[in-house]
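Visitor: Structure incoming, see below.
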């Protein structure tokens, strides 16, 4: 019998790389979440970790490289049930396929709590939960981002509370998966989107109630760091009063339920109206009191000014009276001096007056309005006027004597 060869002959490398290409081209295998039980967990000195994931009837080799190993807490033990998120590919050197893990999520109360406690201790040492990092919420928010499942009841609860308490605030709903293996990456992306919203005042991260295992995504290190690094204050409202997640501790404020978170963020408009009324009354009272104070001061100032004016006028009147008396006295003195000087001058003039001389028997002789001082200046026939104290006469010179 003759052996029939296949149409194409491949080398081992060609076959291996062909199969590797098939793995790489399968969209499903690029991102899978596989549940199983950890076995043969080993951490290499390079920082890479290797383990086997067991099923009921099969197993798969797994590897998690150093850049992802930092997000794995110290909890993995052989026998722990986990969810492994990663991609499936071929490891050519061994000719086997492997699950390349990017994240490990514990399954089971004991493993979950152990992982949470270890992460909590590490983040506490970093100071991620320090009260000094907490930021105050805005008193009157204008825009708030709501990160939650768009189809969940939590979103409706928050919106209803916001409409009832403070409808003036805008709400931007950013949908995110809040349960399951993909929830952490969804929440981180949603918070990153919230950070890009302009004029955002606050962010609310909520989900409805559930079991403690349902809250595992809110204990994820990526979510905790995203909450703390959000540029606006974050209010966390997940689970119930008895359930506190690491996300709650990282948030600026924690509420027990979505509705309680909304009541913390949105002020009560009824209380605001009451405060405004009280402020209006206080302002009106303060204005009336201020007006009364100013009126009283004005009345006092008016009275003081009137008193000062009266005193000033009285002082001026007294000064004017003194000045008047001084002026009168000075004028009287001046008049007396002037009268005395006038009398002296009048006496002098009287002594020099021709009338006074004429009063002693002398007369004045004039010719043509000119005084005749010498008889030699006259000739017979000249006409002259002779002046007496009580009148004058005309005369004609008859002859010279």
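Values in this text are rule-based calculations from the coordinates and carry no lab data. As the structure is a computational prediction, the values presented were derived from the model and not from experiment. In this analysis, Cβ positions are derived from the backbone assuming ideal geometry, glycine residues included, and neighbour counts consider all displayed protein chains.
Visitor: For the pair residue 291 and residue 338, what calculated FRET efficiency results from E = 1/(1 + (r/R0)^6), where r is the Cβ-Cβ distance and R0 = 60 Å, to the nearest 0.05?
Guide: 0.35
Visitor: Please report how far the C-alpha centroid of the stretch 359-397 lies from that of the stretch 197-269, rounded to the nearest whole angstrom.
Guide: 145
Visitor: When only Cα pairs under 8 Å and 6 or more residues apart are kept, what is the percent relative contact order across the stretch 356-396?
Guide: RCO, the stretch 356-396: 38 percent.
Visitor: Let me ask something else about it. Can you work out the FRET efficiency for the pair residue 279 and residue 151, with r the C-beta to C-beta distance and R0 = 45 Å, to the nearest 0.05?
Guide: Rounded to the nearest 0.05, the efficiency is 0.60.
Visitor: Considering Cα pairs under 8 angstrom that are at least six residues apart, work out the relative contact order of the chain and quote it in whole percent.
Guide: After rounding, I find 9 percent.
Visitor: How high is the relative contact order of the stretch 30-90? Use alpha-carbon pairs under 8 Å, at least six apart in sequence, and give a whole percent.
Guide: 46
Visitor: Let me ask you something else. Which angle between 0 and 90 degrees, to the nearest 10, do you get for helix 12-25 versus the longest principal axis of the chain when only C-alpha atoms count?
Guide: 50
Visitor: Going 7 Å from the Cα of residue 320 toward and past its Cβ, which residues in the stretch 291-307 have a backbone nitrogen under 20 Å from where you end up?
Guide: Residues passing the 20 Å test: 306-307.
Visitor: In the stretch 85-121, whose amide N lies under 20 Å from the spot 7 Å out along Cα-to-Cβ of residue 42? List them in ranges.
Guide: The answer is 89-102, whose backbone nitrogens lie closer than 20 Å to the label point.
Visitor: Still on this model: Once every DSSP H run of n ≥ 4 in the chain is given -39500 (n - 2.57) and the sum is divided by its residues, what mean residue ellipticity at 222 nm do you get, rounded to the nearest 500 deg cm²/dmol?
Guide: -14500 deg cm²/dmol
Visitor: For the chain, which semi-axes, largest first and in whole Å, follow from the square roots of 5 times the eigenvalues of its Cα gyration tensor?
Guide: The three semi-axes for the chain are 133, 31, 19 Å.
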